[in-house]
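J.: My questions will all concern the structure given below.
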Amino acid sequence: MVAYAQGEMTTEELDILFDKAVSDTIKEFEATGSPVVCDGEQTKPSFATYPLDGLDSLAADGIIIPFADGHTRQLPRLTKGPFRYARYAGSYLTRTKKFITRPLKQAVISASAMSLLYPPEPLPDYSRKEFLSDLVQEAVADIRSCFDNDAYQVQIDFTEGRLAVKLDPSRQLLQQFIDLNNQVLSHFSVEERQRIGIHTCPGGDQDSTHSADVDYEELLPMLLTLHAGNFYVQMASEKDPEKALQIIAENLRPNQRIYVGVIDVTSEEIESAETVRDRVLQAAKYIPLAQLGTTDDCGFSPFNDDVVTSRTNAFAKIRARIQGSQLAYEQLK
Ligand SMILES: [Zn+2]
């Protein structure tokens, strides 16, 4: 991607490399035995910025997100309206579909994350209200594009949920984020919402986090008021998983399924199948089996320049997740 951006590679050459990256990833992912797979977002610039690729209405100096290890990520800032996505997540699936044989999950960025693009000072000809209305429409179209391209499940990345509590301990910002995302979800049928999930994590970039110090208790009850059927919840790296699971149990609704994070993506140590099994058994003490699934805590490389975790390690961790989940299921069924 860097060589292409610098004009050292043609679109055709990039396409060949993209095909190989996606087909290799899917092949390895399917070989782990995972019942649902994705393309590893191999061709997205990042989990958050793919809708902005090539837009001319952005400046570089938007909100800065500091991570615990001292590194930062900066979002762009919107300079003019109207706001439109340059690209929908479903468009990536035309390539993915060529190689995949299992049910497919596609990730999209949340409307609440994109809402951070609007500057603190209102734009002269484009109010925040107009922006949010356009944003909801685009976020709906983004999810719809995934279903239209055969996604079995769509995951909304909501990493800024926990961060919102850090930015505003009164939790008004979190409530605004949830209201905005619920507005997006209201455009889908009950059946479709059962195929839509929300991912929460304290950040997982370069093996570091942005909001792990925020008490999960501040987030989880409100998180479960989102009108989605599935929740992909970071848990393996959590300091006090029992407490978090207890809170989930108290707030869980009948039509919600919790995919508990059993793989710590910020650690390079590969979990044993037994470690994973024990994490699932712990979760099963709180969450009914029919509403319990497993997942990795977060993406292994949410930004395309994050190379801290090797592909070999990532797939070894996914294999441990599948094997450990199977061991737990044998005991629980
Ligand atoms: Zn995450």
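J.: At a threshold of 8 angstrom on Cα-Cα distance, excluding pairs fewer than six apart, so keeping six or more, what relative contact order does the range 153-280 reach in percent?
T.: Answer for the range 153-280 is 26 percent.
J.: Tell me, in nm to one decimal, what length is gained between Thr101 and Glu274 on full extension, where the rule is 0.36 nm per residue of separation less the Cα-Cα distance? Can you show the working numbers first?
T.: Working: separation 173, 0.36 × 173 = 62.28 nm, distance 2.87 nm.
This chain segment gains 59.4 nm when fully extended.
J.: Then there is this: Using all C-alpha to C-alpha distances in the range 252-333, build P(r) with 5 Å bins and read off the rounded percent in each one.
T.: 3, 16, 26, 21, 15, 11, 6, 2, 0
J.: Same structure again: Which of the helices in the chain meet the span-like rule: DSSP H, Cα axial reach of 24 Å or more, Kyte-Doolittle mean at least -1.0?
T.: 11-31, 128-148, 311-332
J.: Then there is this: Give a residue-ordered list of calculated ³J(HN,Hα) values for the range 196-208 (Karplus: 6.51 cos²θ - 1.76 cosθ + 1.60, θ = phi - 60°; whole Hz; x for Gly, Pro).
T.: 10, x, 10, 9, 10, 7, x, x, x, 9, 6, 6, 10
J.: If the viscosity is 0.890 mPa s and the temperature 25 °C, what translational diffusion coefficient in µm²/s does Stokes-Einstein give for the range 29-71 when Rh comes from Kirkwood over Cα pairs?
T.: 177
J.: While we're here: Per residue and in cubic angstrom, what volume does the convex hull of the Cα atoms of the range 114-263 have?
T.: 129
J.: Oh, and also: Could you check the simple spin-label distance between Val308 and Asp69, using points 7 Å along Cα→Cβ, in nm with one decimal?
T.: In this crude spin-label approximation the distance works out to 0.3 nm.
J.: Using the alpha carbon gyration tensor of the range 1-114, what are the three equivalent-ellipsoid semi-axes (square root of 5 times each eigenvalue), largest first, in whole Å?
T.: Result for the range 1-114: semi-axes of 28, 18, 15 Å.
J.: Using a Gaussian network for the chain with springs between C-alpha atoms less than 10 Å apart, which of these wobbles most: Arg195, Arg253, Arg144?
T.: Arg253
J.: Under 23 Å between alpha carbons: how many lysine pairs meet that in the range 2-332, if sequence neighbours fewer than 8 apart on the same chain are excluded?
T.: 22
J.: Once you charge only the Cβ atoms, +1 for Lys and Arg and -1 for Asp and Glu, what is the size of the charge dipole of the chain about its Cα centre, to the nearest 20 debye?
T.: Value, rounded to 20: 960 debye.
J.: If I model the chain as equal point scatterers sitting on the Cα atoms and use the Debye formula, what is log10 I(q)/I(0) at q = 0.07, 0.09, 0.16 Å⁻¹?
T.: -0.27, -0.45, -1.60
J.: Using a 4.7 Å cut-off between beta carbons, which cysteines in the chain end up with no partner cysteine at all?
T.: Cysteines of the chain left without a disulfide-compatible partner: Cys38, Cys146.
J.: Could you list Phe99, Phe300 so that the one with the fewest beta carbons within 10 Å of its beta carbon is first and the one with the most is last?
T.: Phe99, Phe300
J.: For Ile198, list long-range residues whose amide hydrogen, built 1.01 Å from N in the peptide plane, is under 5 Å from its own amide hydrogen.
T.: Under 5 Å from the amide H of Ile198: Ile156, Asn230, Phe231, Tyr232.
J.: Classify the range 176-332 as rounded, prolate or oblate, taking a ≥ b ≥ c as the square roots of the eigenvalues of its Cα gyration tensor: rounded when a/c is under 1.5, otherwise prolate if a/b is larger than b/c and oblate if not.
T.: Cα axes put the range 176-332 in the oblate bin.
J.: Right, here's the next one. Taking only DSSP H segments of four or more residues, each worth -39500 (n - 2.57), what value at 222 nm results for the chain once the sum is divided by all its residues, to the nearest 500 deg cm²/dmol? Mind showing how you got there, number by number?
T.: Details: 12 runs with 130 residues, N = 333.
Calculated at 222 nm, the ellipticity per residue is -12000 deg cm²/dmol.
J.: Label points 7 Å out from Cα along the Cβ direction at Arg171 and Glu192: separation in nm?
T.: Inter-label distance under the simple model: 3.0 nm.
Bear in mind these aren't lab numbers, they're just calculated from the coordinates by the rules spelled out. Remember, it's a predicted structure, so these values are computed and weren't measured experimentally. A quick note on method: Cβ atoms are made from the backbone with ideal geometry, for glycine too, and the neighbour counts reach across all protein chains shown.
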